[in-house]
1. On the basis of being more than 30 Å from B:ASP237 (Cβ to Cβ), assigned to a loop (DSSP other than H, G, I, E, B) and either acidic (Asp, Glu) or away from chain B (no Cβ under 14 Å) (or both), does A:GLY56 make the cut?
2. Looking at region B:255-277, which of the residues that are in a helix (DSSP H, G or I) and open to solvent by 40 Å² or more (accessible area, probe 1.4 Å) is nearest to the other protein chains (Cβ to nearest Cβ)?
3. If I filter region B:155-184 down to residues being touching a helix residue (DSSP H, G or I) at 6+ places or on another chain (Cβ under 9 Å) and hydroxyl-bearing (Ser, Thr, Tyr), which single residue comes out as nearest to the other protein chains (Cβ to nearest Cβ)?
4. Give region A:33-62 a look and list any residue that's among the charged types (D, E, K, R), over 25 Å from B:ALA73 (Cα atoms) and in contact with a strand residue (DSSP E or B) (Cβ under 6 Å, 6 or more places away or on another chain), or say none.
5. Can you confirm whether region B:108-121 contains a residue that is among the polar types (S, T, N, Q) and crowded, with 19+ Cβ neighbours inside 10 Å?
6. Please specify each residue of region B:221-240 satisfying the condition of being in a loop (DSSP other than H, G, I, E, B), more than 14 Å from chain A (Cβ to nearest Cβ) and open to solvent by 30 Å² or more (accessible area, probe 1.4 Å).
7. Considering only residues that are buried (at least 19 other Cβ atoms within 10 Å of the Cβ) and either among the acidic types (Asp, Glu) or at positive phi (or both), which ones fall in region B:145-201?
8. Exactly one condition in (1) more than 30 Å from B:LEU57 (Cα to Cα); (2) open to solvent by less than 80 Å² (accessible area, probe 1.4 Å) is false for B:LYS218; which is it?
Amino acid sequence: MGSNTVRALVFLLLLVEFALPATAALAHGEPVIAVQPEVVAAGAEITVTGTEMEAGEVFVITLESLSGSTPLGEATASGEGEEAGFAATFAIPTDVPPGTYLVRALTEEGETAVADLSITLPVDQAGAGAAIVRDPSGELHQLERPRTTGQAIVVVLLAAISVGLGFWLVRSREVGS
Amino acid sequence: MDTVTATRSEPGNRRLAGWLNERLGLQSFRYSVPEHANSLPYLLGGITLAGFVILILTGIYLAQFYHPHPTDAHQSVVYLITAAPLGDLVRSIHFWTAQIVTVTVLLHMLRVLFTGAYKRPREVNWYVGLGLLAVTLSLVFTGTVLKFDQEGLEALQHNKEAAELIAALGSWFSAEFSRSVPLLTRLFNAHVTILPLFFGLLIAAHIYLIKQHGISPKVTPDAVARSTAGEGRSRFDVHLRRLAGYGLIVLALALLFSLVFPAPIGQPGVAGAEVTKPGWMFLWLFPAEEAWGARALVIVPVLLGLLLALVPILDRSPYLSPRRRKALIVVAGVLLIAIVASGVTAALQPVEAHLE
């Protein structure tokens, strides 16, 4: 029992011995970026934060989608050794259509990092009303929620059964009393 | 031979009850409970639980069509309404049951507060109940965000701004917390897994403690807090029947509301814009936010939670009658009026931008 415990401890120590350098190596591997906020309106600004970079590295920041790529600007990593990074603010063009995009940071050497970004309509197009949908002809109109007569009858019937059963249970006398 | 004949001659429902009882031990539910436990004010907690059953069933159906990603969430809700079989009706039942459950959970808490049902030996269950209230409101909040219309996105943005104020405690709401999964997706996970798990654990503890101490004694001028476990002229199976009955009435109400007023869905959310007001359960915070900014969204609920947590510590007399607990009842009444007045003010106010 005692020797088993010692063997287990040795195994754990060896695991830590080998795992730690591997983790450390991974930590200084590829550059990483994060985008705040992750949902932004067209025309508003995002902050791109880069980490795990080398000081002096210049990253070109672009907005990518299936329909193409839009350059946002550049950011230069600063800091010590491989712990360098950047935090830079970029404006999203107002004419970018709503959807999912990739923000990509790319160096001349081909080092790259990406992060997701969802873009909504510009702020001045926000509305508090009901949802608007496009019908098959392409025309926009407010989402209609009609209930058919059949649906209404079924729902009222179900509600009546629920109420009836509910009142029967609520008012029923104690069984066996 | 005689026994077999006697068993066969029993009515069908009796035979079924006997069969079930032999296998499931249903007889153990026939323990004594006080008669007042079957009155509506003392059934509010159980009605809330029945509402949760409806919410879980409808929620499972909705999850089959909902896509929890910022770009697709709103469109998937529109699909659910327009194309999924019975999608609009099921979603509306989910929405209206959530509204009813929020009302019943708040009324349940007020009943416990005004009848002194938090007093010894029920203090721990009061705290479990506060946890359940927090989980319920969190479920309502995350549910609001999930539809990702303008109201949902604004709720999310307010939440993120408030979370930034509490530093590390709010880090779960930042993009850095998980770079691979958007916050909306994580809120969906919270809505369908994390919060229901907490709810399950807390409700199990709540029911266990009610079973241990019995329902709080009926409020009379001289009534004092004590355990009532095993006492009473009624039985728990009668309590369960009434609870199921009220649960069915809740379902009927949700069905009728769903027919007349389908659950709302606004236009797709536009980040940074503020053109909507929050739901009624959060609306009362609106004037405080206008006065003190996003920090009010943290400070006011925390203060209110602390005050509620202090109730069993401050009110240690054994008496249950509100007349013998005037100070606490007056303070609670004033706070309640202030909250309602704040909500009414917010409802009448024009929409104001608060986000920084």
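The values are calculated or read from the model by the stated rules, or taken from the named source; none is laboratory data. Given the structure is predicted, the values throughout are model-derived calculations rather than measurements. Neighbour counts run over all protein chains shown; Cβ positions are idealised from the backbone, glycine included. For the accessible areas, the whole protein counts, side chains as well, though only heavy atoms, and no ligand, DNA or RNA atoms are used. Shrake-Rupley method; radii C 1.70, N 1.55, O 1.52, S 1.80 Å.
1. Details: more than 30 Å from B:ASP237 (Cβ to Cβ): yes; assigned to a loop (DSSP other than H, G, I, E, B): yes; either acidic (Asp, Glu) or away from chain B (no Cβ under 14 Å) (or both): yes.
Yes: the conditions hold for A:GLY56.
2. Taking the candidates together, the pick is B:LEU256.
3. Step by step, filter region B:155-184, then rank; the result is B:SER174.
4. The answer is A:GLU52, A:GLU54.
5. Step one: of region B:108-121, the residues among the polar types (S, T, N, Q) are B:115.
Now drop any that are not crowded, with 19+ Cβ neighbours inside 10 Å, which leaves B:115.
Yes, the conditions are met somewhere in region B:108-121.
6. B:PRO221, B:ASP222, B:ARG226, B:SER227, B:ALA229, B:GLY230, B:GLU231
7. B:PHE148, B:ASP149, B:GLU151, B:GLU154, B:GLU161 - these are the residues of region B:145-201 that are buried (at least 19 other Cβ atoms within 10 Å of the Cβ) and either among the acidic types (Asp, Glu) or at positive phi (or both).
8. Condition not satisfied by B:LYS218: (2).
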